Amino acid sequence: MSESEVKKNKKKSGTTNWKSFFENQLGKSKKNGEFPKLAILLFFLFMAMIFISHYAEGKKIELGKLKAQVEEMQWQHKTQKAEFMNLTKQSELVDRVKSAGMEELTEPVKVITYQADELGFEEEKK
């Protein structure tokens, strides 16, 4: 068998000649003004890649803005927490009480105790 007969047998047996396939799909042999399907597919793939990269870039910018906001809020929280800790010190409380016209207690707190029957309440029985 010669080479030409082998090629004919391959074409008949169903094996694909890749070069002719891509030539047909890329537009080297157009039939009836038909636009090649592979070119359309490649165009849409290219447009999808552009869209995805643009979308990802927008999300990256948005993420950067959100990170900056979170960092700012963390600093505000730390500042407010430090101010609160400072205001709850006893020395600060004494100064604020004096400015309000009150005095700091010098005597210990008095505890009032009572019996339930003295106030007219009945004790609960267990």
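The values are calculated or read from the model by the stated rules, or taken from the named source; none is laboratory data. Fair warning: this is a prediction, and the values are worked out from it, not measured in the lab. Positions of Cβ are generated from backbone atoms using ideal geometry, with glycine treated the same way; all protein chains shown enter the neighbour counts.
Results, tabulated for the structure shown:
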quantity	calculated
Some residue of segment 78-97 being of a type in the set (A, V, I, L, M) and at pLDDT 90 or above	yes
Selected residue (only one of Lys31, Lys65, Lys10 is modelled with pLDDT under 65 and outside any loop (DSSP other than H, G, I, E, B))	Lys10
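Conditions tested, residue by residue: (1) on the phi < 0 side of the Ramachandran plot; (2) exposed (fewer than 10 other Cβ atoms within 10 Å of the Cβ); (3) free of Cβ contacts under 8 Å to residues at least 12 places away in the same chain; (4) not in a loop (DSSP other than H, G, I, E, B).
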residue	(1), (2), (3), (4)
Gln74	yes, no, yes, yes
His77	yes, no, yes, yes
Gln80	yes, no, yes, yes
Phe84	yes, yes, yes, yes
Gly101	no, yes, yes, no
Leu105	yes, yes, yes, no
Val109	yes, yes, yes, no
